[in-house]
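The values are calculated or read from the model by the stated rules, or taken from the named source; none is laboratory data. Keep in mind that what you see is a predicted model, and the values were worked out from it rather than measured. Heads up, the Cβs are rebuilt from the backbone with ideal geometry, glycines too, and the neighbour counts pull from every protein chain shown. Note: areas computed on protein heavy atoms with side chains; ligands, DNA, RNA excluded. Shrake-Rupley method; radii C 1.70, N 1.55, O 1.52, S 1.80 Å.
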Amino acid sequence: MRTTDARVAMEVTGVERPPGGWVALVGGGPGRADLITVRGLRLLRIADVVLVDRLAPRELLADTRPGAEIIDAGKAPHGHNLTQDEINAVIVDRGLRGLGVVRLKGGDPFVFGRGGEEALACAAAGLPCEIVPGVTSAVAVPALVGIPVTHRGITQDVAIVSGHVDPSHPGSTVDWDALATGPGTVVVLMGVAALAGISRELVKRGRRPDTPTAVIHAGGTADEVVLTGPLSDIAELAAEAGIGSPAVIVVGDVVRLRDQIAGAPSARRAPDIPDRRG
Ligand SMILES: C[S@@+](CC[C@H](N)C(=O)[O-])C[C@H]1O[C@@H](n2cnc3c(N)ncnc32)[C@H](O)[C@@H]1O
């Protein structure tokens, strides 16, 4: 970036930016725009280029600076999503041109976010790349609806797995046997399409059919839907309710706590706090 650009940017944002290009992989948190970290928001406000993911909270784009280039990685000009290689190429291209690049992701960049691949692409290009962790949907979406993924006396064990590949598929690399016979909470991301197979296999391989299970669609947004039921029936209940992606599935006795936690008067939301431009 040229010095004059830096001065203009400082006048606009009040922040002096380092010379040269930089990249930050920023976790935008799940659903709600105010769950991004302070560091993530600060970098978003000074970025020249923002590549935004489909599930990143879109309201955050209102915080970008005037003139910033916004690239929707989930919607390319020809109607298809950018491939990971294309995303890596854009990040590296803009960074090498001396621009400040924020790659804004849903949740945390390193939890099924392909952030590792983007960080490696930057490393290969010799570009500085900062990882700004985010609040992952795997833990936060259950929390937002009153489900703690661990709880003293219930479980101290939680696994976060991808449900993208049906457990009965030969290409599945998740250890469903261990998850089915273990005592812990199982949190499944990207598992709605395979929910029937996941619940069937967990029961077949050892989980109690009555294990409390929750499916939380679009957590933290106005479209949020929470469904609970026994593991053996959850796929049918979700299909009847028309629940689609994105959703977090939680399997385990901790789900039972939701009635007490979310139903308590203390579960009412704390006040919204005016933004003082962190
Ligand atoms: C490709 S993974 C990315 C996860 C993300 N990096 C994170 O840490 O939350 C996408 C999956 O995350 C889950 N997910 C993300 N945001 C969600 C939300 N607001 N409500 C429910 N599920 C969500 C869904 O399982 C979705 O299919």
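Quick check on the range 148-163: of everything there that is outside any loop (DSSP other than H, G, I, E, B) and among the polar types (S, T, N, Q), which residue is nearest to the chain's Cα centre (by Cα)? Step through it out loud before you land on a result.
Step one: of the range 148-163, the residues outside any loop (DSSP other than H, G, I, E, B) are 151, 155, 158-162.
Then drop every residue that is not among the polar types (S, T, N, Q), which leaves 155, 162.
Details: 155: 24, 162: 13 Å.
So, considering only residues that are outside any loop (DSSP other than H, G, I, E, B) and among the polar types (S, T, N, Q), the one nearest to the chain's Cα centre (by Cα) is 162.
Of the residues that make up the range 263-277, is at least one polar (S, T, N, Q) and closer than 24 Å to residue 165 by Cα?
Here is the first cut: in the range 263-277, the residues polar (S, T, N, Q) are 266.
From the residues that got through so far, the ones that are closer than 24 Å to residue 165 by Cα too are none.
No - not one qualifying residue is present in the range 263-277.
What pairs can you find where one residue is in the range 179-191 and farther than 23 Å from residue 243 by Cβ, the other is more than 9 Å from the ligand (Cβ to nearest atom) and open to solvent by 20 Å² or more (accessible area, probe 1.4 Å), and their Cβ atoms are less than 7 Å apart, with a gap of 6+ or different chains?
181/205; 181/206; 182/157; 183/157; 184/157; 184/158; 184/159
Select from the range 179-197 the residues that are within 13 Å of residue 238 (Cβ to Cβ) and in contact with a strand residue (DSSP E or B) (Cβ under 6 Å, 6 or more places away or on another chain) and list them in ascending order.
Those that are within 13 Å of residue 238 (Cβ to Cβ) and in contact with a strand residue (DSSP E or B) (Cβ under 6 Å, 6 or more places away or on another chain): 188, 191, 192.
Which one of these is in a loop (DSSP other than H, G, I, E, B), within 19 Å of residue 246 (Cβ to Cβ) and not aromatic (Phe, Trp, Tyr): 55, 61?
Working: 61 fails: in a loop (DSSP other than H, G, I, E, B).
Being in a loop (DSSP other than H, G, I, E, B), within 19 Å of residue 246 (Cβ to Cβ) and not aromatic (Phe, Trp, Tyr) holds for just one of 55, 61, which is 55.
Going by what's in this entry, would residue 236 be described as charged (D, E, K, R) and open to solvent by 50 Å² or more (accessible area, probe 1.4 Å)?
When the stated conditions are applied, residue 236 passes them.
State which residue is farthest from the ligand (Cβ to nearest atom) when the search covers only the range 204-233 and only residues that are outside any strand (DSSP E or B) and crowded, with 22+ Cβ neighbours inside 10 Å.
Step one: filter the range 204-233 for residues outside any strand (DSSP E or B), giving 204-211, 218-224, 231-233.
Pick out the ones that are also crowded, with 22+ Cβ neighbours inside 10 Å and you get 207, 219-220, 231.
Numbers: 207: 20, 219: 4, 220: 5, 231: 17 Å.
Filtering first and then ranking leaves 207.
With respect to residue 166, is the statement that it is away from the ligand (no atom under 12 Å from the Cβ), part of a loop (DSSP other than H, G, I, E, B), closer than 17 Å to residue 112 by Cβ and of a type outside the set (Gly, Ala, Ser) true? Please lay out each step first, then the result.
On the way: away from the ligand (no atom under 12 Å from the Cβ): yes; part of a loop (DSSP other than H, G, I, E, B): yes; closer than 17 Å to residue 112 by Cβ: yes; of a type outside the set (Gly, Ala, Ser): yes.
Here the answer is yes, as residue 166 does meet what is asked.
Table: residues versus (1) surrounded by fewer than 22 Cβ atoms within 10 Å (Cβ to Cβ); (2) within 16 Å of the ligand (Cβ to nearest atom).
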site: 51; (1), (2): no, yes
site: 62; (1), (2): yes, no
site: 82; (1), (2): yes, yes
site: 93; (1), (2): yes, no
site: 97; (1), (2): yes, no
site: 101; (1), (2): no, no
site: 108; (1), (2): no, yes
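State which residue pairs qualify: first residue surrounded by fewer than 16 Cβ atoms within 10 Å (Cβ to Cβ) and inside the range 110-127, second residue assigned to a loop (DSSP other than H, G, I, E, B) in any location, beta carbons under 7 Å apart, and separation of 6 or more residues or different chains.
From the range 110-127, the pairs are 116/110.
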